[in-house]
Ligand SMILES: [Zn+2]
Ligand SMILES: [Zn+2]
């Protein structure tokens, strides 16, 4: 019999309906054999040497001992097809009425983090040093974008592979700053606030303590962070990386914390990579909106969602997911994966 499980933080239900005999190999097999990628692709706008194919960099890290700025190891550029962009000085950034409807100018930010010069890599195959540079870059850009008046919410995310919606192969992440706090985020904040009112504790701190004692859903951990498969996982092998110490905003991450996060992010993705044969996935840094930074009830974390199954009519109609791999099984397999 299947089980319905509720996420303690969002009160969203998932149906855990284990498909008997489903092994990690079955997911790996569904992915068509891909030919190895080259280290350099002349047509790729993100490869080193093709810098003229993108807008000018807003941030970059030069290669150790680099002679010029063409010799970068991380490069951040505005997205060429930006969903949101900083407003021109003097433009109206307020809301406007259109009949009974509301609209506003698309001010915000949309940046691409080009993670490494090498076209063929992915985080799981990068060195610890390379991943550390990426996390430090996230931190730098988060702090910079957070200083703007119009970036209410900053979302750092990575889409890996076609199933996850990426159009470019070159290893990259994206950062979007939005001028509004979306309804879904507001709902999460309200639920966290409600939990805090009832218990006097942060819901994710409580989840963390419970999972560390319970152990069955733990994947791996270090001094700063814990990776686990959540109790009400919405998709097979969903994994969260939570900071051990309560903080609502990603922006408070220290340099040392960024190193620890990079280590655990790489290890978690490497485990998924080994177990599931380089799966497509999305990850998202869930951080409090600008005006809720410092709240005792909201806890930032990274949510990794492998794209192994398709969201279809039932999921769209109900807002509930059917997950065919129990998180306890997923975590056990991920612990064994390395
Ligand atoms: Zn490339
Ligand atoms: Zn907390």
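Brief remarks follow.
- Number of positions in region 273-287 that are in contact with a strand residue (DSSP E or B) (Cβ under 6 Å, 6 or more places away or on another chain), surrounded by 22 or more Cβ atoms within 10 Å (Cβ to Cβ) and not in a strand (DSSP E or B): 1
- The residues listed here are 256, 295; of these, the one that is out of contact with any helix residue (DSSP H, G or I) (no Cβ under 6 Å at 6 or more places or on another chain) and free of Cβ contacts under 8 Å to residues at least 40 places away in the same chain is 256.
- Residues located in region 51-73, provided they are farther than 19 Å from residue 133 by Cα and surrounded by 16 or more Cβ atoms within 10 Å (Cβ to Cβ): 51, 54
- Some residue of region 126-135 being modelled with pLDDT of 95 or more, closer than 29 Å to residue 272 by Cβ and assigned to a loop (DSSP other than H, G, I, E, B): yes
- Number of the exception - residue 182 against (1) free of Cβ contacts under 8 Å to residues at least 60 places away in the same chain; (2) within 30 Å of residue 48 (Cα to Cα): (2)
Listed here are the residues, each with its yes/no results for (1) more than 16 Å from ligand 2 (Cβ to nearest atom); (2) part of a loop (DSSP other than H, G, I, E, B); (3) within 27 Å of residue 155 (Cα to Cα).
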{"residue": "1", "(1), (2), (3)": "yes, yes, no"}
{"residue": "8", "(1), (2), (3)": "no, yes, yes"}
{"residue": "15", "(1), (2), (3)": "yes, no, no"}
{"residue": "73", "(1), (2), (3)": "yes, no, yes"}
{"residue": "81", "(1), (2), (3)": "yes, yes, yes"}
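- Every residue from region 48-66 that is assigned to a loop (DSSP other than H, G, I, E, B) and in contact with a helix residue (DSSP H, G or I) (Cβ under 9 Å, 6 or more places away or on another chain): 57, 58
- Search result, residues across region 328-338 that are outside any loop (DSSP other than H, G, I, E, B) and farther than 17 Å from residue 1 by Cβ: 330, 331, 332, 333, 334, 335, 336
- Filter result for the condition that a residue is in a strand (DSSP E or B), in contact (Cβ under 8 Å) with a residue 12 or more places away in the chain and surrounded by 22 or more Cβ atoms within 10 Å (Cβ to Cβ), over 227, 192, 232: 227
- Qualifying residue in region 311-321 (condition: away from ligand 2 (no atom under 16 Å from the Cβ) and closer than 12 Å to residue 233 by Cβ): yes
- Hey, residue 90 on the phi > 0 side of the Ramachandran plot and touching a residue at least 12 places away in the same chain (Cβ under 8 Å) or not: no
The values are calculated or read from the model by the stated rules, or taken from the named source; none is laboratory data. Treat the numbers as computed from the prediction; the structure is a model and nothing was measured. Note: ideal-geometry Cβ built from the backbone for every residue, glycine included; neighbour counts use all protein chains shown.
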